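J.: Below are the structure tokens for one structure; questions will follow.
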Amino acid sequence: MAISVFDLFTIGIGPSSSHTVGPMRAARRFVTRVDAAGKLADVRRLECELFGSLAMTGKGHGTDRAVLMGLEGEEPETIDPPSVEGRVAAIRERRQISLLGKTRLAFDPEKDLLFRRRESLPYHPNGMRFSAFDAAGELLEQRVYYSVGGGFVVNDGVASADLLVADATRLPHPFRSGNQLLEICAEHGLEIWQVMMRNEEAWRDEAEIRRRLLAIAAAMLASIQAGCRNDGILPGGLKVKRRAPRLYRELMERPEDSLKDPLTTLDWIGLFAMAVNEENAAGGRVVTAPTNGAAGIVPAVLEYYRRFVPGASDDGVVKFLLTAGAIGLLFKENASISGAEVGCQGEVGVACSMAAGGLTAVVGGPPGQVENAAEIGMEHNLGLTCDPVGGLVQIPCIERNAMGAVKAIEASRLARRGDGSHKVSLDKVIKTMRQTGMDMKTKYKETSRGGLAINVIEC
């Protein structure tokens, strides 16, 4: 399977890549399929069913809103986040929806968008089934999709083949493991980011790769800025107050604190991460990196590099994201980036690993140290559960991103102090993460049926 860095880093909408971004894409994909078959005008009833984790935490993760917007033809990359609530309210009030903006259809979300909380589909906890019927009640089209993490969506046929998405693109330096990646670097005298750049050139030229990566970085910065600016209470009923704006004002008003306390830098890192994830929790624009639940970690560490590392540059930003992408695709191919499948170790843990490797690369670490940093970043997130209170991407998710960002920087510093040799390889820790996720009880994997989700009073 050939995976591009632009599959791992996508500009989308909060609060969840698997529960919001993926379902929006799946819904749009289904009605587009019906339209391509020339059947859209014949549809008289549409049924959307959500299963497993999507059903259990879908309301808190905005899955219902995402499906409605996908049916109307919206995409996570281009939808206007502030418009969503009004459009969803109009659909519910009128009990009508406009499929792809072309065909108006009677649609009651209370009856036609079903949360099958006690059922799961066979291949992944995040399953969806869409069915279109004609005036006689005959089935026109039916399709099952799985949102497998990071906004990736596969149909049931692909899912039965171990969730691999076929891409016949021939890469100059394909790799399926960390050891293979290090061997390629050694054989060709390349850094990890250079291996990724050459592989990316199988899809697009270097100028386009740089432009798109810098656009991703700009979107990450924009989400930090929005999170620092937008005050108030997060939606969903927990009444969680945004903290990033107040923290930002305090840090800006007392710049002398950094002279008195060198650990003030940690406050900035925590601010960057929480700002992104508060914006994500509010349904704002963020970059899936590699998921929305962990969207604050890579931007926070990248912004740490830009603000606090001497000599930071756009070239460094490109190297950072390419290196982080290489690490992310190893987890994607050999384990999972889905909290519903392996717990939060697959989200915050993977993002921490990616950010640690990216930072190590841009401060001059050779491939061996990059691999070591990535390994450390995941090793100390093993077993991390996904137990969001109230099914919302707020507690513990927002603070967890701040902790993950700081942990990524420390992982990089530990690796840089070493010589690249270590007992546990990145490949071994990825294998362990997957095994741990398979052993983890389902209630700790994005169901809100265990952990903090049941031990914290919601109101």
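J.: In region 173-193, what residues are under 24 Å from the mean Cα position of the chain (by Cα) and within 13 Å of residue 370 (Cα to Cα)?
T.: So in region 173-193, the residues under 24 Å from the mean Cα position of the chain (by Cα) come out as 174-178, 181, 192-193.
Residues satisfying the conditions are 178, 181, 192, 193.
J.: With respect to residue 370, is the statement that it is crowded, with 24+ Cβ neighbours inside 10 Å and within 22 Å of residue 417 (Cα to Cα) true? Full working, then the answer.
T.: Working: crowded, with 24+ Cβ neighbours inside 10 Å: yes; within 22 Å of residue 417 (Cα to Cα): yes.
Yes: the conditions hold for residue 370.
J.: In addition: Quick one: which strands (runs of 3 or more DSSP E) lie wholly within region 96-146 and hold at least 1 residues that are out of contact with any Phe, Trp or Tyr (no Cβ under 7 Å at 6 or more places or on another chain) and either small (Gly, Ala, Ser) or farther than 29 Å from residue 447 by Cα (or both)?
T.: Working: elements: 96-99, 103-106, 113-116, 126-133.
Those strands (runs of 3 or more DSSP E) span 96-99, 103-106, 126-133.
J.: Here's another thing I want to ask about it. Would you point out which residue out of 274, 252 is under 22 Å from residue 238 (Cβ atoms), hydrophobic (A, V, I, L, M, F, W, C) and assigned to a helix (DSSP H, G or I)?
T.: Details: 252 fails: under 22 Å from residue 238 (Cβ atoms).
None of the other options fit; the residue is 274.
J.: Can you tell me which of 324, 340, 294 is modelled with pLDDT under 95 and surrounded by 24 or more Cβ atoms within 10 Å (Cβ to Cβ)? Write out each step before concluding.
T.: Values: 324 fails: modelled with pLDDT under 95; 294 fails: modelled with pLDDT under 95.
Being modelled with pLDDT under 95 and surrounded by 24 or more Cβ atoms within 10 Å (Cβ to Cβ) holds for just one of 324, 340, 294, which is 340.
J.: Give the residue, chosen from 118, 87, that is within 30 Å of residue 8 (Cα to Cα) and either at pLDDT below 95 or surrounded by 13 or more Cβ atoms within 10 Å (Cβ to Cβ) (or both). Quick ask: steps written out before the conclusion?
T.: On the way: 118 fails: within 30 Å of residue 8 (Cα to Cα).
Going through 118, 87 in turn, just one is within 30 Å of residue 8 (Cα to Cα) and either at pLDDT below 95 or surrounded by 13 or more Cβ atoms within 10 Å (Cβ to Cβ) (or both): 87.
J.: Scan region 247-262 for residues that are surrounded by 13 or more Cβ atoms within 10 Å (Cβ to Cβ) and either more than 15 Å from residue 296 (Cβ to Cβ) or not assigned by TED's automatic domain parsing to the domain that holds residue 294 (or both) and jot them down.
T.: Across region 247-262, the qualifying residues are 251, 257, 258.
J.: Specify the residue that is modelled with the lowest pLDDT; the eligible residues are those in region 408-452 that are crowded, with 19+ Cβ neighbours inside 10 Å and of a type in the set (Asp, Glu).
T.: 446
J.: Residues of region 373-383 being touching a Ser or Thr at 6+ places or on another chain (Cβ under 7 Å) and buried (at least 24 other Cβ atoms within 10 Å of the Cβ), which ones?
T.: Looking only at region 373-383, we keep the residues that are touching a Ser or Thr at 6+ places or on another chain (Cβ under 7 Å), and these are 373-375, 377-378, 382-383.
Within region 373-383, 373, 374, 375, 377, 378 qualify.
The values are calculated or read from the model by the stated rules, or taken from the named source; none is laboratory data. Remember, predicted model here, so these are calculated numbers, not experimental data. Cβ: placed from backbone, ideal geometry, glycine included. Neighbour counts: every protein chain shown.
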